[in-house]
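J.: Below: one structure in structure tokens.
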Amino acid sequence: MTLMTKTTGLCALASVLAAGSASAERISFNVWVPPSEVIVTALFEPYFEAVEQATDGAARFQLFTAGQMLGPLNTMQGVRDGAVSGGMIDASYYGNDLPYTATFSDLIAFAPDPVAGAGASLETFFHDCPECLAEMAGNNLVALGGSATAPYTIMCAKEIGSLDDLKGLRIRGSIDFHFALINALGANGVNIPFGDIAQSFERGNVDCMLGGPTWMETFGITELIETRLSTVSFGTISLPAMMSFQRSAWEGWSEEIRSAMIAALPEYIANGTIAVMENDEKAAATAREAGMAEIDLGQSIVDLREAFLVSERARVIEAGKARGAEDVEALLDRFLANYAEWEALSEQIGGDRAAFADALRARVYDDLPM
């Protein structure tokens, strides 16, 4: 596999596509996150390498990182129209085109566990959401799956000893879920671009943020965070269409290549999800060594989350209908039923990648509707 590590244009893409075996199927894939991101190192890179090996080079992948070809706002169009063979798609950016698929980006609060969230999202998308598959096909796309993020927790550059201490604080947010939760906490939401987060904490323009501990390292604010409310996960993001390809291209590839791509998915989705969880804990340990306190607010924060889920359900349903997903409530209920089963499975799986992959095969990929 050829990993492009610097900004390139279409000419560079053409030169890459010209390399390698003349008989190989050359498949380009664009992600808009940096090459150092866990999703790249633990999922995309090893997955593509595994497929190349499984097909004896019949498939050759070119992975473009850091938005070299396309960004988050135009990846879907680029894949659909053939600028690249596939790409990392967050359907929340394309709600008008993918109203049902975009719903999964709204289910954060209902998936506090990454393993259960990833499994339930994939099972619901592929086996319980015909509307999702139809709208993907209608946009000349085929989805293969995706992993989950680390849990959202609250991290503050202040000492926090109770929920009352959060009232009136400025908490960084960027999406509807963030601001709904911030309002439920009685705090004030501030939308700060990623590039300004470190400076905003340093200058005292923001008090807290929602995210995982790795964000403290990413933005260089580990030394500034005094408190993390770590005992309650406010949710994870699972994107079942994160790895998508142009349907026209997919249908033109050999059965050998398509079968190899599907067969390798469970192992690397499991690897990507659990690697994120492991990195999260490493970053939390580093922050604790730097003086961050991890606080348990007891039943008060548990009760707040339960109340938040009631209002969040109403928001998700309203938002889905506004996008044109009229039956979004039924989709949410199907997801919740699957999540309950995956939550029990997650307790058995723990951090066992092989066990997670086996569960994905059994419940999702052994009978994948394509």
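J.: May I ask for the Rg/Rh ratio of the stretch 102-220, computed from Cα atoms with Rh as the Kirkwood radius, given to two decimals?
T.: Taking Rg over the Kirkwood Rh, I get 1.06.
J.: Can you give me the long-range amide H partners of Tyr100? Hydrogens built in the peptide plane at 1.01 Å from N, cutoff under 5 Å, separation of 5 or more residues or another chain.
T.: For Tyr100, no residues qualify.
J.: Right, another one. Given points 7 Å out from each Cα along the Cα-Cβ axis, report the Ala137 to Ser36 separation in nanometres with one decimal.
T.: The two pseudo-label positions are separated by 4.3 nm.
J.: Please check the chain for the longest run free of GluC sites (Glu not before Pro) that are loop-located per DSSP (anything but H, G, I, E, B) and have at most 13 other Cβ atoms within 10 Å.
T.: Free of exposed loop sites, the longest segment is 160-325.
J.: A further question follows. If amide H atoms are built 1.01 Å from N in the plane of the peptide, which residues on other chains or at least 5 residues away come under 5 Å of the amide H of Ser147?
T.: So Ser147 has HN proximity to Leu239.
J.: After finding the eigenvalues of the alpha carbon gyration tensor for the chain, what semi-axes result from the square roots of 5 times each, listed largest first in whole Å?
T.: Rounded to whole Å, the semi-axes are 35, 23, 19.
J.: Another question, if that's okay. At what distance in nm do the modelled label points of Gln199 and Asp366 sit from each other, each positioned 7 Å from its Cα along Cα→Cβ?
T.: Placing both labels 7 Å along Cα→Cβ, they lie 5.5 nm apart.
J.: Please report, as a whole percent, how much of the solvent-accessible surface of the chain comes from carbon and sulfur atoms (probe radius 1.4 Å).
T.: 49
J.: Using label points projected 7 Å from each Cα along Cα→Cβ, tell me how many nm separate Ala293 and Lys167, to one decimal.
T.: Here the answer is 2.0 nm between the modelled labels.
J.: Still on this structure, I have one more. For the stretch 194-244, report the accessible area per residue in Å² (1.4 Å probe, heavy atoms, rounded to an integer).
T.: 35
J.: Among the DSSP beta bridges whose two residues both lie in the chain, what percent are antiparallel, rounded to the nearest 5?
T.: Just about 45 percent of them are antiparallel.
J.: State the percent of C-alpha pairs, over all pairs in the stretch 280-370, separated by a distance greater than 18 angstrom.
T.: Percentage above 18 Å: 70.
J.: Here is a follow-up. If you build a Gaussian network model of the chain, linking Cα atoms that sit under 10 Å apart, which residue out of Gly195, Gly119, Gly95 swings the most?
T.: In this elastic network of the chain, the residue with the biggest mean-square fluctuation among Gly195, Gly119, Gly95 is Gly195.
J.: Next question. For the stretch 307-316, just list the computed ³J(HN,Hα) in residue order, Karplus coefficients 6.51, -1.76 and 1.60, θ = phi - 60°, integers in Hz, with x standing in for Gly and Pro.
T.: Per-residue couplings from phi come out as 5, 4, 4, 5, 5, 5, 4, 4, 5, 4 Hz.
J.: Sticking with this structure for a sec: Provide the FRET efficiency to the nearest 0.05 for the Ala344-Glu255 pair, computing r from the beta carbons and using R0 = 30 Å.
T.: The value I calculate is 0.25.
J.: Report ³J(HN,Hα) in whole Hz for each residue of the stretch 210-219, in order, from the Karplus equation J = 6.51 cos²θ - 1.76 cosθ + 1.60 where θ = phi - 60°; Gly and Pro get x.
T.: 9, x, x, x, 4, 5, 4, 6, 4, 9
J.: Also: FRET efficiency for Glu49 and Ser174, Cβ-Cβ distance as r, R0 = 35 Å, nearest 0.05?
T.: 0.60
J.: Between Asp81 and Leu309, what length comes free when the chain is fully extended (0.36 nm per residue of separation minus the Cα-Cα distance, one decimal in nm)?
T.: Stretched out fully, the Asp81 to Leu309 stretch lengthens by 78.2 nm.
J.: Now, a different point. In Å, what Rg and Dmax follow from the Cα atoms of the stretch 237-317?
T.: 20.5, 56
J.: Additional query: At 1.4 Å probe size, with every protein chain present, just tell me what the per residue accessible area of the stretch 22-79 comes to in Å².
T.: Solvent-accessible surface per residue comes out at 35 Å².
J.: Given a 1.4 Å probe and heavy atoms of the protein chains only, how would you sort Trp32, Trp250, largest accessible area at the top?
T.: Solvent-accessible surface, decreasing: Trp32, Trp250.
J.: So what are the ³J(HN,Hα) numbers for the stretch 346-362, from phi and the Karplus equation (6.51, -1.76, 1.60; θ = phi - 60°), rounded to whole Hz, Gly and Pro as x?
T.: Couplings: 4, 4, 6, 6, x, x, 7, 4, 5, 5, 5, 4, 4, 5, 5, 4, 5 Hz.
J.: On to the next question. Rank these residues by their accessible area, most exposed first, probe 1.4 Å: His127, His178.
T.: His127, His178
J.: With every protein chain kept in place and ligands, DNA and RNA left out, what is the accessible area per residue of the stretch 139-183? Probe 1.4 Å, answer in Å².
T.: Normalised by residue count, the accessible surface of the stretch 139-183 is 33 Å².
The values are calculated or read from the model by the stated rules, or taken from the named source; none is laboratory data. Everything numeric in this text was worked out from a predicted model, so none of it was measured. Glycine gets a Cβ as well: all are built from the backbone with ideal geometry, and neighbour counts include every protein chain shown. Just so you know, the surface numbers come from the protein's heavy atoms only, side chains and all, with ligands and any DNA or RNA stripped out. Shrake-Rupley method; radii C 1.70, N 1.55, O 1.52, S 1.80 Å.
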